[in-house]
There are 2 protein chains.
Amino acid sequence: MGKEVQESKALDGGATFADDELVRSGRDADVTRRALVRAARRRFATEGYRATTVRHIAADAGVNVALINRYFGSKEGLFEACMNRTVDELDPQTRARASSVDEVIARLLTHVVEAPNADDPLQLLLLLRSSGDENADAIRRRTLERFTEQLAAAAGWSADVPASQPLLLRAQMAIALMLGLVMLRTATEVQPLASASAEQLTEPLESVLRVLLDTRN
Amino acid sequence: MGKEVQESKALDGGATFADDELVRSGRDADVTRRALVRAARRRFATEGYRATTVRHIAADAGVNVALINRYFGSKEGLFEACMNRTVDELDPQTRARASSVDEVIARLLTHVVEAPNADDPLQLLLLLRSSGDENADAIRRRTLERFTEQLAAAAGWSADVPASQPLLLRAQMAIALMLGLVMLRTATEVQPLASASAEQLTEPLESVLRVLLDTRN
DNA sequence: TACCCATGTCAACAATCGTTTACATGCTCG
DNA sequence: CGAGCATGTAAACGATTGTTGACATGGGTA
């Protein structure tokens, strides 16, 4: 497939993405691919892998169904692409060394409840949605474990504590809390959690995360 | 030439839940119904609603597929039956008035990590699995909210504090933590959380739940 | 211009899903 | 015993799924 062409289209974004439609003016494979990935991520995250159909994804993206197989090989290929993009967007944020546990916690809360971008919490949900495919599931599992290690490392660094087994477990509990929270808020939409404001959630979450991740107590 | 417990044939390569006990000796509608519900709950909880097929459930239960529609009307009817049974088993435990917050926490941990019955954690997962049907989903949502209120009440009682909005949110965070935990342990099977022992998990979980639910601090 | 390949469209495929229908079998009771 | 209902079995149906191949079209290039 040709690849040298227009990479700089909407990647860096000043773009503030007005993207409801993401005007696919002409025929542009890259734009089509991105539109598909974005529509797919929303569907996969909110409805799960099996429940979302390729025809729905294509309709959301305003694209012909056959193009999914052309550009991603299969539905599972599209799912893998979605997860890889999630990893790419998640990794730099977690790799950046934090100066304190509070900063790590603040970053977590930013992703989960404060939601600068409406799709940010959904990215995390992808890590819970199984595709049933062993390959994609392995990626998913490994991503979660890497995420754990980075979170534990960030927490341990600030106290100069080696990432021990208990610390890994505590980091994974923090992730479990975040994932369960997003799940209940966006997928199940249980009240009053779903309609709670960020201010109502930050204070209790902060104290809980501090108990889990702060090794100084 | 009774078929006794017929093994689930290799419908897919994956692990199948052979229903070991509960031998359906003769033709007994009640036994059949129970076998179906139990097999269905395991499948629904671990693989989600859409991903589980009625043929898999029937094979697990050692029962003909058509009996699902005979006894439960439809796949969704079976799902509702599963959830109702979960509610019935969950309700008395949460209704029982606790003498202290620690007792409430101990009960939660019993359900989630100590697992006297291997299916206990899976029951909770059912509350996260959407069927896509609006009716079943409403039941699910309402069950979660009732569960929240009872948990908040149990926590508030011990300190004679009225169940306020923040307390409800904190109770729901505790539920989110539990659900995420079970999800990562049983469905995603992420390490080291999945193979962690109950002793490794109880101590951090206790302190976290105390921060969330104990109104005395 | 005329070609050519990337891109997109359309229709149909095979597989699988939930469900239904018709039939077989066993238990209960007159 | 044997009629009758409850229970279980087998096969097929229609709908939907992911996927594919043949065909249309646009835009850049020789």
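The residues of segment A:28-53 that are of a type in the set (V, I, T) and open to solvent by 40 Å² or more (accessible area, probe 1.4 Å), listed by number, are A:T46, A:T53. In the set B:D91, B:D60, only one residue is open to solvent by less than 50 Å² (accessible area, probe 1.4 Å), over 27 Å from B:T148 (Cα atoms) and acidic (D, E); that residue is B:D60.
Looking at A:A187, A:A118, just one residue is facing chain B (nearest Cβ under 7 Å) and modelled with pLDDT under 90, and that residue is A:A187. Please enumerate the residues belonging to segment A:165-190 that are open to solvent by 10 Å² or more (accessible area, probe 1.4 Å), more than 14 Å from the chain's Cα centre (by Cα) and within 18 Å of A:E47 (Cβ to Cβ). Across segment A:165-190, the qualifying residues are A:R185, A:A187, A:E189. Being modelled with pLDDT under 90, surrounded by fewer than 19 Cβ atoms within 10 Å (Cβ to Cβ), assigned to a helix (DSSP H, G or I) and at the interface with chain B (Cβ under 10 Å from one of its Cβ atoms) holds for only one residue in A:E145, A:E149, and it is A:E145. Exactly one residue among B:T86, B:T110 is under 28 Å from B:V211 (Cβ atoms), at pLDDT 80 or above and open to solvent by less than 40 Å² (accessible area, probe 1.4 Å), and that residue is B:T86. The selection criterion, being without any contact (Cβ under 8 Å) to a residue 24 or more places away in the chain and within 16 Å of DNA strand C (Cβ to nearest atom), holds for A:A58. Of all residues in segment B:128-142, those being crowded, with 16+ Cβ neighbours inside 10 Å, part of a loop (DSSP other than H, G, I, E, B) and within 9 Å of chain A (Cβ to nearest Cβ) number 3.
The values are calculated or read from the model by the stated rules, or taken from the named source; none is laboratory data. Computed from a predicted structure; not experimentally measured. Note: ideal-geometry Cβ built from the backbone for every residue, glycine included; neighbour counts use all protein chains shown. Accessible surface areas use protein heavy atoms only, side chains included; no ligands, DNA or RNA. Shrake-Rupley method; radii C 1.70, N 1.55, O 1.52, S 1.80 Å.
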